[in-house]
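To start, the structure itself, in structure tokens.
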Amino acid sequence: MANHDTIQLETFELTLQDIADVDIEKLHALSIGVGWPHRPKDWQMLLENGKGVVAVDAIGRLAGSAMWFDFGAAFSTIGMVIIPPRLQARGAGSWMMLHVMQQAGKRRFGLNATRAAKRLYQSMGFTIEKTVFQCQGEATPITAPAVSGGAELRALTPGDIGAILALDEKAFGANRATLFDALLPVSQGLVLVRGQRIEAFSLCRRFGRGALIGPVVALNEEDAIAVTHPHVVEHAGKFLRLDTREESGAFAHYLAQSGLAVFDTVTTMSLGGRWMPSQDEEQALRPKTWALASQAFG
Ligand SMILES: CC(C)(COP(=O)(O)OP(=O)(O)OC[C@H]1O[C@@H](n2cnc3c(N)ncnc32)[C@H](O)[C@@H]1OP(=O)(O)O)[C@@H](O)C(=O)NCCC(=O)NCCS
């Protein structure tokens, strides 16, 4: 690495290291220190699907992390940007951000910023696009919503993977085949089939304090609810989370009625070009992401 790999923060000198060489327990302690719910296994999945750096102090203590997740050569998300509270507001966060962006090279970037990070990213040139609503709570299923047009809902099978990847790529704006290789073995998947065509899908896996539904991709709100509902039923009485960009409307209403209240919000931001579809694109009949895979993966 180049010579800007150390930074002096008052009395601390921090050095950058590859995140792949760090003990997961140390990363876990770092995220717990800022109140995040990730389990060691969640870190494991992040490390298997991304690259990044950590900062360490002179006696080897972890003093920060930042990661980026490649979705093709032209677009990456950035996430897991953490500076321990005792070292915040001294420039380490922006130093680590600049480093991961330099490592990733010229491309578009997207991220979901916490309140603490939003101004920092704005000062680095990131533009605000949308709000993400982190909905969670004890699942309390309502009566099954009706699905129109003779649609069939069934478990995802290996033969469906090509179709769900194509739907996800249209909705997300980049190919996430590698991420799905990691998500599918640990997720319960559902597809909605209409006239032999897969028109919606959902995944649900263990994450943080319980289970997380995402991604959910569908052409319309009714189908998005239809593929989400069985996971809510499956987790009745248990902790369930879903991150969505829907503020109002039937999907948001369905979540609120099912015990998944808005717990927090983060802000989707981008650098180097828009990430989220425009209003015109949203109005065209194209698949849309109703639930995120996670805040880091988008
Ligand atoms: C968000 C986070 C990563 C920022 O890290 P940080 O090291 O505090 O970031 P910086 O010091 O580079 O910048 C933070 C602020 O301090 C200011 N600052 C930077 N250097 C400074 C210095 N030497 N003295 C005083 N202020 C300074 C920055 O201008 C910035 O101001 P802003 O609030 O107007 O944006 C950190 O607060 C954190 O880990 N929070 C909890 C986890 C989290 O929310 N992560 C973000 C995920 S998207």
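Residues considered: ALA182, ALA146. Of these, the only one that is assigned to a helix (DSSP H, G or I) and either modelled with pLDDT under 95 or open to solvent by 20 Å² or more (accessible area, probe 1.4 Å) (or both) is ALA182. What number of residues within the stretch 51-67 are within 14 Å of the ligand (Cβ to nearest atom), open to solvent by 10 Å² or more (accessible area, probe 1.4 Å) and either among the polar types (S, T, N, Q) or at pLDDT 95 or above (or both)? Qualifying residue count for the region: 1.
Output the number of residues of the stretch 266-298 satisfying the condition of being within 16 Å of the ligand (Cβ to nearest atom) and either assigned to a loop (DSSP other than H, G, I, E, B) or under 13 Å from the mean Cα position of the chain (by Cα) (or both). Please lay out each step first, then the result.
Going residue by residue through the stretch 266-298, those that are within 16 Å of the ligand (Cβ to nearest atom) are 266-271, 275, 292-298.
If we keep only those that are either assigned to a loop (DSSP other than H, G, I, E, B) or under 13 Å from the mean Cα position of the chain (by Cα) (or both) too, we end up with 266-269, 275, 292-298.
Summing the residues that are within 16 Å of the ligand (Cβ to nearest atom) and either assigned to a loop (DSSP other than H, G, I, E, B) or under 13 Å from the mean Cα position of the chain (by Cα) (or both) in the stretch 266-298 gives 12.
Only one of the listed residues (ASP243, ASP223) is crowded, with 21+ Cβ neighbours inside 10 Å and within 16 Å of the ligand (Cβ to nearest atom). That residue is ASP243.
In the stretch 90-104, the qualifying residues are those that are more than 7 Å from the ligand (Cβ to nearest atom) and within 20 Å of the chain's Cα centre (by Cα), and the one that is most open to solvent (accessible area, probe 1.4 Å) is MET101. Taken over the stretch 178-226, the criterion of being over 19 Å from the mean Cα position of the chain (by Cα) and either more than 18 Å from GLY159 (Cα to Cα) or basic (Lys, Arg) (or both) is satisfied by ARG194, ARG197, LEU219, ASN220, GLU221, GLU222, ASP223, ILE225, ALA226.
Total residues in the stretch 5-30 satisfying the condition of being surrounded by 12 or more Cβ atoms within 10 Å (Cβ to Cβ) and part of a strand (DSSP E or B): the figure is 10.
In the set (1) open to solvent by 50 Å² or more (accessible area, probe 1.4 Å); (2) touching a strand residue (DSSP E or B) at 6+ places or on another chain (Cβ under 6 Å), the condition left unmet by GLU138 is number (2). Of all residues in the stretch 72-89, exactly one satisfies the criterion of being buried (at least 24 other Cβ atoms within 10 Å of the Cβ) and away from the ligand (no atom under 13 Å from the Cβ), namely SER76.
When the stretch 105-129 is filtered for residues that are more than 10 Å from the ligand (Cβ to nearest atom) and either touching a helix residue (DSSP H, G or I) at 6+ places or on another chain (Cβ under 7 Å) or part of a loop (DSSP other than H, G, I, E, B) (or both), the ones remaining, listed by number, are GLY105, LYS106, ARG107, PHE109, GLY125, PHE126.
Of the residues that sit in the stretch 31-48 and are in a helix (DSSP H, G or I) and hydrophobic (A, V, I, L, M, F, W, C), which one is surrounded by the fewest Cβ atoms within 10 Å (Cβ to Cβ)?
Out of the qualifying residues, it is ILE32.
Among residues of the stretch 151-177 that are within 15 Å of TRP275 (Cα to Cα), those with a Cβ under 8 angstrom from a residue that is open to solvent by 50 Å² or more (accessible area, probe 1.4 Å) and hydrophobic (A, V, I, L, M, F, W, C), sequence gap 6+ or separate chain, pair up as ALA174/ALA74.
The values are calculated or read from the model by the stated rules, or taken from the named source; none is laboratory data. This is a predicted model, so every value here is computed, not measured. Heads up, the Cβs are rebuilt from the backbone with ideal geometry, glycines too, and the neighbour counts pull from every protein chain shown. When the accessible area is computed, the model is the full protein with side chains, heavy atoms only, and any ligands, DNA or RNA have been set aside. Shrake-Rupley method; radii C 1.70, N 1.55, O 1.52, S 1.80 Å.
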